[in-house]
Amino acid sequence: MIENIDNYVQLVILGICTVVTMYKAITKQSRLWMLITFFYGAFFLGSLYWELFYLFRGETPAKFYVAEFSWYVSYMFLFLFLRLKNSEKQIPACWIKWLIPVFAGGLGIFFMTFGQITSNIISAVLMSLIGMEAVKGLYSGSKEMKPVHITTLIFFFLEHFLWTSSCIFEDGSVFNPYYYIDIMISISLFVMLLFVRKALGNEVTE
């Protein structure tokens, strides 16, 4: 029951975010809005596959390559969005950003002890790129994008907390923190959209 609630909350939020960003991308004809649409859309498809598998099979997929691929693509589009937005302003060297791959890489090695070496390497690399861009933007990026960068870092750390909890807690009870962290991720993604709308509110058509 708790897993279904978690999945439905995430699907509803991601569905809303995808529709809103798609509308913005079409009406504004903006590359930035298109990238953020692809981010939400790919994340939604990965979560949708996960929930459909659970509904029809009564269990979470042991080999979830389809969902993983969708999530990898979504990470890539979020990175491209942040990268493109940060490139609009000259940002000086930010050495603190290298703490991000140290953190992600360290946890990635821990996750590898539970299997799936390749997927953990890919996740660590893509999430490191996202985290580094968020830190760069937070360090000296545009003022209107700082809330987006903060929310992105919250998403970054929540994802790692989620993966860590999945390694430690394996039961499907309501006391498993995995589900509540996942719901927090969904909420953070919705909040990110609110800040993106505000940051891109004055964007001209591209």
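No value in this document is a laboratory result; all are computed from the given coordinates. Predicted, not measured: the structure shown is a model, and the values here were computed from it. Note that we place each Cβ from the backbone using ideal geometry, even for glycine, and neighbour counts take in every protein chain shown.
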Of the listed pairs Lys89/Lys198; Lys28/Lys136; Lys24/Lys97, which have alpha-carbon separations greater than 25 Å here? Lys28/Lys136; Lys24/Lys97
Dimensionless Rg ratio for region 116-166, taking C-alpha atoms and the 2.2 N^0.38 Å reference: 1.26
For region 2-199, state the average projected area of the convex hull of the C-alpha atoms over all orientations, rounded to one decimal in nm². 10.7
Counting as exposed only trypsin sites (Lys or Arg not before Pro) in DSSP loop states with no more than 15 other Cβ atoms inside 10 Å, the longest exposed-site-free span of the chain is 90-206
Here region 109-118 yields Karplus 3J(HN,Hα) values (6.51, -1.76, 1.60; θ = phi - 60°; whole Hz; Gly and Pro given as x) of 5, 4, 5, 4, 5, 9, x, 6, 5, 4
GluC sites (Glu not before Pro) lying in DSSP loop within region 99-172, provided at most 15 other Cβ fall within 10 Å: Glu170
Treating the angle as unsigned and between 0 and 90°, give the value, to the nearest 10°, between the Cα long axis of helix 31-57 and the longest Cα principal axis of the chain. 10
Calculate, in nm to one decimal, what Phe114 and Thr164 gain on full extension: separation in residues at 0.36 nm each, minus their alpha carbon distance. 16.9 nm
Only four residue types carry charge here, +1 at the Cβ of Lys and Arg and -1 at the Cβ of Asp and Glu. Report the dipole size of the chain about the Cα centre in Debye, rounded to the nearest 20. 900
Output the 0 to 90 degree angle, nearest 10, between the alpha-carbon long axis of helix 65-86 and the longest principal axis computed from the alpha carbons of the chain. 20
Theoretical gain in end-to-end length, Leu52 to Ile96 [0.36 nm per residue, Cα-Cα removed]: 11.8 nm
Degrees between helix 2-28 axis and first principal axis of the chain (Cα, 0 to 90, nearest 10): 20
